[in-house]
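The values are calculated or read from the model by the stated rules, or taken from the named source; none is laboratory data. For clarity, every value in this text was computed on a predicted model and none was experimentally measured. Here the Cβ positions follow ideal geometry from the backbone for every residue, glycine too, while neighbour counts run over all protein chains shown. Just the protein is used for accessible areas: all its heavy atoms, side chains included, with ligands, DNA and RNA removed. Shrake-Rupley method; radii C 1.70, N 1.55, O 1.52, S 1.80 Å.
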Amino acid sequence: MIIKIIFLILLSSCDFTPRIHKEILKAQEHILNKEYVEAVNLYENILEKRPANQIQMKVHFQLAELYSIYINEQEKAKKHYSKIKEMTNDPLWLVKSEEKIAEINFSYLKNYSAAVENYTLLYNFVPKLNKVDFYQERLGEAYLKLENYVKAIEVFFLLTKNKDRQFQAKGYFNLGMCYFEQKQWRKAIAHWKEYIKHETRKDHIIQVKFLMANTYETMERLKQAYDLYYSLLGEYPNTQVIKNRLNSIYERRVARRR
């Protein structure tokens, strides 16, 4: 769908020579037929002809989308998104390209250091962008992946002050994860309890309760772990897993009394 929209904008907003017009139509035909490599070759050929900048930017965007979504060559996709940033000062193009590069670095390449740079730029963009809360949350997650817990905690703490309940919940959850990864079990559980107060999705709450029960078990607080696992019977997707945990804790508690 994105490819089609960009294509229509490209056709409607630019003047083409007859040859370039024909090649763009042919490239779109290849896309509709799922012949993505052929479409890429045609678009690359168009760039070699050095058309007007507006056409070049839109062709770079098309190529980036093709490489990222359909061919899974993320470095090539990044190259074309980056070309757009070099060619314009238009905030709409700059933001869209930065978003795409950030997503590739975070989700596909797992290059969290680069993702920190991308999401910092987006978060600090003036004027503030509509998705600023999302950028903040992603920035914190990138720091968490890098095990930079000080920075991650700083970002997620600010997120808990967010007026949007969804992002508040994510802030509390990820604060819990920061402390969990540092084996600060009590702090992790305290933040997950706050998370449960703000989260509205039952399946997410169930998963966090399981994580809390597992943490209690790690702390040797077996009664709390048992009670929490027991509360998940019939709710957790895999009932046998819960039964196994309950049996294991029961046996450990019996062994303690001997």
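Quick look at the values:
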| quantity | calculated |
| --- | --- |
| Cross-link pairs Lys85/Lys131; Lys197/Lys243; Lys78/Lys187; Lys76/Lys161 - those with Cα-Cα distance over 29 Å | Lys78/Lys187; Lys76/Lys161 |
| Within the accessible area of the chain (1.4 Å probe), percent carbon and sulfur | 52 percent |
| Relative contact order for the chain, counting Cα pairs under 8 Å that sit 6 or more residues apart, in percent | 7 percent |
| Check: the chain dipole with +1 on Lys, Arg Cβ and -1 on Asp, Glu Cβ, in debye | 1260 debye |
| Among Ala190, Ala64, Gln74 - extreme Cα towards positive end, dipole of the chain, charges at beta-carbon | Ala190 |
| Taking the range 147-196 and dividing mean pair separation by its residue count, relative contact order in percent (alpha carbons under 8 Å, at least six apart) | 31 percent |
| Positive-end residue, the range 85-241 charge dipole about Cα centroid, Cβ charges, pick of Met219, Tyr179, Leu94 | Met219 |
| Between 0 and 90°, nearest 10: helix 149-159 axis offset from the chain longest Cα axis | 80 degrees |
| For the chain, calculated [θ]222 nm from helices alone, where every DSSP H run of n ≥ 4 adds -39500 (n - 2.57) | -24000 deg cm²/dmol |
| Rounded if a/c under 1.5, otherwise prolate or oblate - the range 135-258, Cα gyration tensor axes | prolate |
| 20 Å Cα-Cα reach of Lys183 towards aspartates and glutamates, excluding residues that sit fewer than 8 places from it in its own chain | Glu141, Glu147, Glu154, Glu194, Glu217, Glu220 |
| Anisotropy class of the range 155-226 from Cα gyration tensor, a/c 1.5 cut | oblate |
| Eligible lysines near Lys79 by straight Cα distance, threshold 18 Å, same-chain separation 8 or greater | Lys58, Lys96, Lys100, Lys110 |
| For the range 180-258, accessible area per residue (1.4 Å probe, heavy atoms of protein chains only), Å² | 63 Å² |
| Using θ = phi - 60° and Karplus 6.51 cos²θ - 1.76 cosθ + 1.60, couplings along the range 192-203 (whole Hz; Gly, Pro as x) | 5, 5, 5, 4, 4, 5, 9, 6, 10, 7, 5, 5 |
| Euclidean distance between Cα centres, the range 168-233 to the range 48-118, Å | 38 Å |
| Most mobile of Lys110, Lys100, Lys78 in a GNM of the chain (Cα contacts under 10 Å) | Lys110 |
| Where the range 46-105 is the region considered: accessible area per residue in Å², 1.4 Å probe | 46 Å² |
| Tilt relative to the chain, helix 74-87 - C-alpha long axis, 0 to 90 degrees, to 10 | 60 degrees |
| With Cα atoms, 0 to 90° folded angle of helix 53-65 axis to the chain main axis | 40 degrees |
| Given charges at beta-carbon only (K, R positive; D, E negative), |dipole| of the range 91-216 in Debye | 420 debye |
| Whether the range 8-150 is rounded, prolate or oblate, judged on the alpha carbon gyration tensor where a/c under 1.5 counts as rounded | prolate |
| Solvent-accessible area of Asp227 with every protein chain in place, 1.4 Å probe, in Å² to the nearest 10 | 80 Å² |
